[in-house]
Amino acid sequence: MVSNSFLWKRTLSRRATMAAAFFLAGAISLPPRMAAQAPPLRVAVPKAAKAPARPKLIVLLVVDQMRADYVDKFLGQWTGGLRRLVEDGAWFRDAAYPYAATETCVGHATISTGAFPATHGMVANAWWDRKDQKMVTCTADPDPKVKNVGYAGATPQGADTAWRMAVPSFAEELKFQTSGATRVVTFSLKARVAITMAGHKADAATWFDGGAWVTSSVYGTQPFIEEQAKSHPPKADFGKTWALSLPGKAYWYDEKALGAVPPAGWELTFPHPLRGKSGAGEPDPDFYTQWASSPYADTALTELAEKAIDSLNLGKAAGTDFLAIGYSSVDYVGHAFGPRSHEIQDILVRLDRDLGNLFAHLDSKVGRGNYVVALSADHGVVPTPEDMQTTGADAGLLRLPELRERMEKALAAFKYPKPAVASVSGSDIYFAPGVYDKLQHDHAAMQAVLNAALDQPGVAAVYRAEELQNRPATQSPTLRAFAYSYFAGRSGDLFILPKPYWFLDSTPVGKQRSYGTGHGVPYNYDQHVPVLLMGFGILPGQYFHPVTPADIAPTFAALCGITLSSRDGHILSEALKKPGAERTAPQAANARGTANP
Ligand SMILES: [Zn+2]
């Protein structure tokens, strides 16, 4: 066997010989006068190979449902970590998902892998399983050997893993391709977030379920999480109140968010008490919903991350460690109160403080400049239809149960079995076994069912699976967005594109909807999210060319010297320091300030 170091030396010496030959040939072919003017030739002498410096710790922060414009609007009110990311980091102003399925599992898997859902296969939070004829979540694992495991004596239900994620995460690749010294630790309130950010295996992937911190048997359990779960359990926040943290005049929009549906036990105005059902003397399910919808949950996740840094000495070992936090509460608040609410503004003020504390902790324990941070979001959110309608614009609820009824009626006329539609899950429509195959050869029935869907108020277009397969080249940005989301076998048979500001609503006919608003479509309000990078190897400034959150993992990979399987994302090269960048700073022209090495 030839050792790697021998091959490397041989390659170097061959390169040096080739370089010398090139310079020599050039000198000979030049006319004498030009040769005299040419600068003195210097044959590059290979120096001893020095490994490039690597970050000691990768920190990935994903704020669930954070719209990009929150940064533009509220930056002036931030003094902590969010402000530091903007001022000391690289701020990508035109970052957006290019695909249609702007949902949580999809966004986190995209950030984690650097791939689009057509590659990583996490096409939604949940989809219709054609084989088992039932809905499955993106992390549900049918393997009987796998089960979820609770901290502090909790006994969680189910079994969740990343087995459906078709490519490894960046964190997994980092551990696999380096010396293996990498520790991978993730936290979130949601299983589909902690799991997709970590990957198929990890030292710890922890989420919140039924009032307790839990993990899965495929991941490690950590004594420091057990200790934190026992000493500072979420129920210790019972009886606290979420009150506005800035003076009243600092808040945009109306005090009561139009179209809001607050969690049980809360009014449309502050303060919001964390006391569960009115009169409950101890934590109940309503309390945990309130807690998850409050800044206290973000603080609990930050404290867990700080414990991880201390207990595992993250950023102090031989390899590059990986720490990810999925902040879920902005999503719960946004679903309840919408983007134009005091609640969204206030929870971001509180998150800014938490992130300021986290960065101060990292500075003291890992060292400023030794770690690199990326912050992004998994999707944005649309204003509540009631709020949007006040502008006079066309906005509303696209009622999916009604649409399903119309399609059934259309197919009944062609003697199709009832029900012909097996499931309507967000944009994706799944037919009963055999129905779609038959429809593809039954032009009249296909046209009738497409027309029925198009008749539903709020529908802009309906796409067929065969239009989306194999990522067709197309001029239509919405067709392309659905193609980027299409994964054969998991995605639907037909796909509903709503009109802009029409929200896909699954509420059964005759029932009140249980949330203010949502997300999940290929429009900018759902696709446009922040991408901010700061720390090791990052050239600060503002960058205005279009990028996607799938570019974060390839950029991390470049900093760590590893290779990812997917080519969907690209290295954010203009925000990476190059040799000599501190002198020439080519980005200074479009950067906000001076490049700060
Ligand atoms: Zn989400």
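Would you calculate the convex hull of the Cα atoms in segment 69-147 and tell me its volume per residue in Å³?
Dividing the Cα hull volume of segment 69-147 by its residue count gives 165 Å³.
Measuring from centroid to centroid over Cα atoms, what is the spacing of segment 129-190 and segment 474-492 in Å?
Centre-to-centre (Cα) distance: 26 Å.
Apply 1/(1 + (r/R0)^6) to the Cβ-Cβ distance of Asn470 and Asp72, taking R0 = 41 Å, and write down the FRET efficiency to the nearest 0.05. Intermediate results must be reported in sequence, preceding the final value.
Numbers: r = 38 Å, r/R0 = 0.92.
The pair Asn470/Asp72 has a calculated efficiency of 0.65.
For segment 321-334, what does the Karplus curve 6.51 cos²θ - 1.76 cosθ + 1.60, with θ = phi - 60°, yield as ³J(HN,Hα) per residue in whole Hz, taken in order and with x for Gly and Pro?
8, 10, 10, 10, 10, x, 7, 8, 5, 4, 5, 4, 5, x
In deg cm²/dmol, rounded to 500, what helix-only [θ] at 222 nm does the chain give when every DSSP H run of at least 4 residues adds -39500 (n - 2.57) and the total is split over its residues? Show your work: numbers first, answer last.
On the way: 22 runs with 207 residues, N = 597.
Roughly -10000 deg cm²/dmol at 222 nm, from the helical runs in the chain.
R0 = 22 Å: FRET efficiency of Gln542 with Thr79, Cβ-based, nearest 0.05?
Values: r = 20 Å, r/R0 = 0.89.
Given R0 = 22 Å and the Cβ-Cβ separation, E is 0.65.
For a quick check: with amide H placed at 1.01 Å from N, whose amide H comes under 5 Å from Val547's, ignoring anything fewer than 5 positions away on the same chain?
Placed amide hydrogens put Asp94, Ala95, Ala96 under 5 Å from Val547.
Tell me, what ³J(HN,Hα) does each residue in segment 537-549 have, in order and in whole Hz, if you take phi through Karplus 6.51 cos²θ - 1.76 cosθ + 1.60 with θ = phi - 60° and put x for Gly and Pro?
x, 9, 8, x, x, 10, 10, 10, 7, x, 9, 10, x
As an exercise, use a Förster radius of 25 Å and the Cβ-Cβ distance of Lys134 and His361 to find the FRET efficiency, rounded to the nearest 0.05.
Numbers: r = 44 Å, r/R0 = 1.76.
Computed FRET efficiency for Lys134 and His361 comes out at 0.05.
Compute the separation of the alpha-carbon centres of segment 200-220 and segment 243-276 and state it in Å as a whole number.
Measuring centre to centre over Cα atoms gives 32 Å.
Looking at the chain from every direction and averaging, what is the projected area of its Cα convex hull in nm²? Provide the component values of the computation, followed by the final result.
Values: hull surface 136.5 nm².
It is 34.1 nm².
Which percent of the accessible area of segment 320-461 is formed by carbon and sulfur heavy atoms (probe 1.4 angstrom)?
On the way: 2420 of 4780 Å².
Within segment 320-461, the accessible surface is 51 percent carbon and sulfur.
Kindly report the accessible area of segment 330-378 per residue (heavy atoms of protein chains, probe 1.4 Å, no ligands, DNA or RNA), in Å².
Working: 1160 Å² over 49 residues.
Using a 1.4 Å probe on heavy atoms only, each residue of segment 330-378 averages 24 Å².
What ³J(HN,Hα) values, in whole Hz, does the Karplus curve 6.51 cos²θ - 1.76 cosθ + 1.60 give for segment 478-488 when θ = phi - 60°, with x put for Gly and Pro?
Once rounded to whole Hz, the list reads 7, 4, 4, 4, 5, 5, 5, 8, 7, 10, 4.
Could you work out the per residue convex hull volume over the alpha carbons of segment 390-496, in cubic angstrom? Show your work: numbers first, answer last.
Working: hull volume 12.5 nm³, N = 107.
Each residue corresponds to 117 Å³ of Cα convex hull volume.
Over segment 382-425, what per residue volume does the convex hull of the Cα atoms give, in whole Å³? Write out the running numbers ahead of the final one.
On the way: hull volume 3.4 nm³, N = 44.
Cα-based convex hull of segment 382-425, divided per residue, equals 77 Å³.
Can you tally the net charge around Leu411? Count Lys and Arg as +1, Asp and Glu as -1, for every other residue whose Cβ sits under 12 Å from the Cβ of Leu411. Could the numbers behind the result be given before it?
Values: positive: Arg404, Arg406, Lys409, Lys415, Lys418, Lys438; negative: Glu405, Glu408, Asp442.
Result for the neighbourhood of Leu411: +3.
Taking the Cα atoms only, what angle lies between the long axis of helix 104-113 and the longest principal axis of the chain, rounded to 10 degrees?
The helix 104-113 is inclined about 10 degrees to the chain.
Which of the cysteines in the chain are isolated, no other cysteine C-beta under 4.7 Å?
Lacking a cysteine Cβ partner under 4.7 Å: Cys560.
List, largest first, the extents of the alpha carbons of segment 443-516 along their principal axes, each in whole Å.
41, 31, 25
Please list, ordered by chain and number, the residues whose modelled amide H lies under 5 Å from the amide H of Phe503; skip anything fewer than 5 residues away on the same chain.
Correct list: Gly396, Leu397, Leu398.
Of all accessible surface on segment 44-170 at a 1.4 Å probe, what whole percent is carbon and sulfur? Kindly include the intermediate steps, with their values, before the conclusion.
Working: 2610 of 4710 Å².
That fraction is 55 percent.
Give the separation of the Cα centroids, segment 369-444 to segment 544-580, in Å.
Cα centroid to Cα centroid, the span is 33 Å.
Label points 7 Å out from Cα along the Cβ direction at Thr391 and Ser217: separation in nm?
5.1 nm
Distance check, please: which entries in Lys409/Lys511; Lys56/Lys175; Lys201/Lys316; Lys235/Lys511; Lys73/Lys577; Lys277/Lys511 exceed 24 angstrom between their Cα atoms?
Values: Lys409/Lys511 22 Å; Lys56/Lys175 13 Å; Lys201/Lys316 21 Å; Lys235/Lys511 32 Å; Lys73/Lys577 29 Å; Lys277/Lys511 22 Å.
From the list (Lys409/Lys511; Lys56/Lys175; Lys201/Lys316; Lys235/Lys511; Lys73/Lys577; Lys277/Lys511), the Cα-Cα distance tops 24 Å for Lys235/Lys511; Lys73/Lys577.
Could you do me a favour and compute the accessible area per residue for segment 162-254, 1.4 Å probe, result in Å²?
Numbers: 3710 Å² over 93 residues.
About 40 Å² of surface per residue is accessible.
What number do you get for segment 111-216 when its Cα radius of gyration is normalised by 2.2 N^0.38 Å, N = residues?
With N residues counted in segment 111-216, Rg over 2.2 N^0.38 Å equals 1.08.
Considering amide H positions built from the backbone, and no H for Pro or chain starts, which residues 5 or more places from Val459, or on another chain, come under 5 Å of its amide H?
Excluding prolines and chain starts, which carry no amide H, the hits are Lys499.
Over all pairs of distinct alpha carbons, what does the Kirkwood formula give as the hydrodynamic radius of segment 422-566, in Å?
So the Kirkwood estimate lands at 18.3 Å.
The values are calculated or read from the model by the stated rules, or taken from the named source; none is laboratory data. Everything numeric here is computed off the predicted structure, so don't read it as measured data. All Cβ positions, glycine included, derive from the backbone under ideal geometry; neighbour counts span all protein chains shown. To get the accessible areas, we keep the full protein, side chains included, count just its heavy atoms, and leave off ligands, DNA and RNA. Shrake-Rupley method; radii C 1.70, N 1.55, O 1.52, S 1.80 Å.
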